[in-house]
Amino acid sequence: MEKLVERKLTKKDYFVVSSLLFALFFGAGNLIFPLHLGQLAGHNWLPATLGFLVTGVLLPLLSVLAIAITRSKGVYDVGLPLGPTFALVFMVLIHATIGPLFGTPRTATVSFTVGLAPLVPQQYQQVALFGFSALFFLAAFLLSYKENNIASNLGKVLNPVFLVLLFLVFLVSFLKPMGSVSQAAPTAQYLHGAFTNGFLEGYNTMDALAGLAFGVTVVTAVRAMGKKREKSVAAVTAKAGFFSMSAVVVIYLLLIVVGAMSLGRFKLSADGGVAFSQIVNAYAGSFGQAVLATLITVTCLTTAVGLVAAFAQDFHAHFPKVSYHTWLALSCLASFLTANFGLEQIIAWSTPMLMFLYPLSMVLILLSVFSPLFKRDGAVYFMVVLFTVVPAFFDMVVAFPAVVSQSAFGKAVAAFRLHYLPLASIGLSWVVPALVGLVLGLGVYFYKKARVSVGVTEKE
């Protein structure tokens, strides 16, 4: 009975957990992608924002709720209704994508490219990236070395610094706007398909994937605060998730509007990082660039800490012969090596994986959230995932760089996809098949339930 005695969390405790979740989710991509979306959408920023919020906020929030509702300890448990083999493969794919292959290296390359590269002569860029990324991942390793200190390091120290700097950027931007949002011209894609394109742009944040992976970090932090029962841990996680993602909504809205206003002075930029650099330099020159470098580095470091910790915790849990600290070191080392390929290569090869994993993650998140309605029945999971994985694979092939997408195989897949799969032209070819799988899976579930009921009645 003594083990079940729990400490009642204070408002300060909830604030720390909410701040932890915010810090884990909000990285450099969460700064640059909404800003660029504002430039792309122009005066159509509102429908684009609504689409972006679905995949950039609602899905990450649902991923936290999925962890809470199913009382999972991480991404492995979310896929477990489909069997341990699927769960393990899914966990490895998620962590590889948001971890050492793409997501974690991007935290270093974005902070360098946006914040420091403009201050470094061109001939020293590669050397500077090497040195910066080495120091960056050394800091991430040290901050995440003690698992129980992660909440304190992120929620109490780095997060407030980030918020203060970001507030200064917003304050100056709205006191002296660069242009009128109503007069900002949208790009051709956002003239009529603003919502859908905003929806797909939200994939780039990787937050729905990260939400599943960060579950273990959040659960560890909540338990360290004195919560022992699974139900209590789930309730704290859900409540903190709601508060943290509400803050993200406000910041996204402000960033998108700032991006749209910037068209009054600048042309459409290549990406949000360039736009951010232009805006800050226009207002504050080299001092502004130094502030931007600090802002980007702080927010990237918070995300990197969460990613390497989640990677190490999950892999240690499933491959316990290797210690948490060894997995942590391997994650940081691999991320450091990948980062030195540069931001452009990382983004080019991460997009296809996101087109494949996001649909699978979305359906698993939604199935987990609504799982009490069908008792986490494996047949429902199996049908939905089966009907999702094939079109998601097709979307991945089409999104690969030209070496794959323009090959004979890539062109054949693209032609088949457009001809036979509804919504393929807007990148959502998985939606209709997933709904078909859901209907079939629920049909199997209710049929089995009816058979059991009939059997019970006959025995009586």
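The values are calculated or read from the model by the stated rules, or taken from the named source; none is laboratory data. Bear in mind the structure is a predicted one, so any value in this text is a computation, not a measurement. So basically every Cβ, Gly included, is an ideal-geometry build from the backbone, and we count neighbours across all protein chains shown.
Give the residue, chosen from Val172, Val274, Val258, Val181, that is among the aliphatic types (A, V, I, L, M) and closer than 30 Å to Ser63 by Cα.
Details: Val172 fails: closer than 30 Å to Ser63 by Cα; Val274 fails: closer than 30 Å to Ser63 by Cα; Val181 fails: closer than 30 Å to Ser63 by Cα.
So the residue among Val172, Val274, Val258, Val181 that is among the aliphatic types (A, V, I, L, M) and closer than 30 Å to Ser63 by Cα is Val258.
What's the number of the condition Arg223 fails, among (1) among the charged types (D, E, K, R); (2) buried (at least 24 other Cβ atoms within 10 Å of the Cβ); (3) without any contact (Cβ under 8 Å) to a residue 40 or more places away in the chain?
Unmet for Arg223, out of (1) among the charged types (D, E, K, R); (2) buried (at least 24 other Cβ atoms within 10 Å of the Cβ); (3) without any contact (Cβ under 8 Å) to a residue 40 or more places away in the chain: (2).
Okay, residues lined up against (1) touching a residue at least 12 places away in the same chain (Cβ under 8 Å); (2) under 18 Å from Leu366 (Cα atoms):
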{"residue": "Phe416", "(1), (2)": "yes, no"}
{"residue": "Pro422", "(1), (2)": "no, no"}
{"residue": "Val432", "(1), (2)": "no, yes"}
{"residue": "Gly441", "(1), (2)": "yes, yes"}
{"residue": "Lys448", "(1), (2)": "yes, no"}
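Suppose the filter is surrounded by fewer than 24 Cβ atoms within 10 Å (Cβ to Cβ), modelled with pLDDT of 85 or more, in a helix (DSSP H, G or I) and among the hydroxyl-bearing types (Ser, Thr, Tyr); does Thr49 pass it?
No.
Listed residues Pro121, Pro100, Pro81, Pro60; which is under 16 Å from the mean Cα position of the chain (by Cα), in the same structural domain as Ser335 (by TED's automatic domain parsing) and more than 24 Å from Val248 (Cα to Cα)?
So the residue among Pro121, Pro100, Pro81, Pro60 that is under 16 Å from the mean Cα position of the chain (by Cα), in the same structural domain as Ser335 (by TED's automatic domain parsing) and more than 24 Å from Val248 (Cα to Cα) is Pro100.
Consider Val436 against the criteria (1) among the aliphatic types (A, V, I, L, M); (2) at pLDDT 90 or above; (3) within 30 Å of Ile347 (Cα to Cα): it satisfies all of them except one. Which criterion is unmet?
Single failed check for Val436: (3).
If you check every pair at least six apart or on different chains, which have Cβ atoms under 6 Å apart with a residue in segment 366-381 that is more than 15 Å from Leu62 (Cβ to Cβ) first and a residue that is not in a helix (DSSP H, G or I) second?
Val380/Phe374
Starting from segment 227-247, keep only residues that are at positive phi, then list their pairs with residues that are among the hydroxyl-bearing types (Ser, Thr, Tyr) and modelled with pLDDT under 80 whose Cβ atoms are within a distance under 7 Å, requiring at least 6 positions of separation or different chains.
Close Cβ pairs satisfying both conditions: none exist.
Between Gln183, Gln126, which is within 27 Å of Ile279 (Cα to Cα) and either modelled with pLDDT of 90 or more or not assigned by TED's automatic domain parsing to the domain that holds Trp327 (or both)? Even if it seems obvious, please write down each step before you answer.
Details: Gln183 fails: either modelled with pLDDT of 90 or more or not assigned by TED's automatic domain parsing to the domain that holds Trp327 (or both).
Only one candidate qualifies: Gln126.
Evaluate segment 344-351: report whether one residue or more is buried (at least 18 other Cβ atoms within 10 Å of the Cβ) and in contact (Cβ under 8 Å) with a residue 24 or more places away in the chain.
Yes, some residue in segment 344-351 is buried (at least 18 other Cβ atoms within 10 Å of the Cβ) and in contact (Cβ under 8 Å) with a residue 24 or more places away in the chain.
If you scan segment 178-211, which residues turn out to be in a loop (DSSP other than H, G, I, E, B) and more than 30 Å from Leu20 (Cβ to Cβ)?
Step one: of segment 178-211, the residues in a loop (DSSP other than H, G, I, E, B) are 178-180, 184-188, 193, 206.
Result: Met178, Gly179, Ser180, Ala184, Ala185, Pro186, Thr187, Ala188, Gly193.
What's the total number of residues in segment 394-413 that are buried (at least 17 other Cβ atoms within 10 Å of the Cβ), in a helix (DSSP H, G or I) and either out of contact with any helix residue (DSSP H, G or I) (no Cβ under 8 Å at 6 or more places or on another chain) or hydrophobic (A, V, I, L, M, F, W, C) (or both)?
6
Val384 fails exactly one of the following numbered conditions: (1) closer than 28 Å to Leu135 by Cα; (2) at pLDDT 95 or above; (3) crowded, with 24+ Cβ neighbours inside 10 Å. What is the number of that condition?
(1)
How many residues, within segment 328-377, are in a helix (DSSP H, G or I) and among the acidic types (Asp, Glu)?
1
Is one or more of the residues making up segment 251-267 at pLDDT below 90, surrounded by 22 or more Cβ atoms within 10 Å (Cβ to Cβ) and either farther than 24 Å from Gly103 by Cα or not basic (Lys, Arg) (or both)?
no
Can you tell me which residue within segment 70-92, out of those that are out of contact with any helix residue (DSSP H, G or I) (no Cβ under 6 Å at 6 or more places or on another chain) and in a helix (DSSP H, G or I), is surrounded by the fewest Cβ atoms within 10 Å (Cβ to Cβ)? Before you say what the answer is, go through the steps one by one.
First, pick out the residues of segment 70-92 that are out of contact with any helix residue (DSSP H, G or I) (no Cβ under 6 Å at 6 or more places or on another chain): 77, 83-85, 88-89, 92.
Retained after the next criterion (residues that are in a helix (DSSP H, G or I)): 77, 84-85, 88-89, 92.
Values: Asp77: 19, Pro84: 11, Thr85: 9, Leu88: 15, Val89: 13, Val92: 16.
In this case the residue turns out to be Thr85.
Can you name the number of the only condition in (1) closer than 30 Å to Phe356 by Cα; (2) surrounded by fewer than 22 Cβ atoms within 10 Å (Cβ to Cβ) that Ala213 fails?
So Ala213 meets the others, but not (2).
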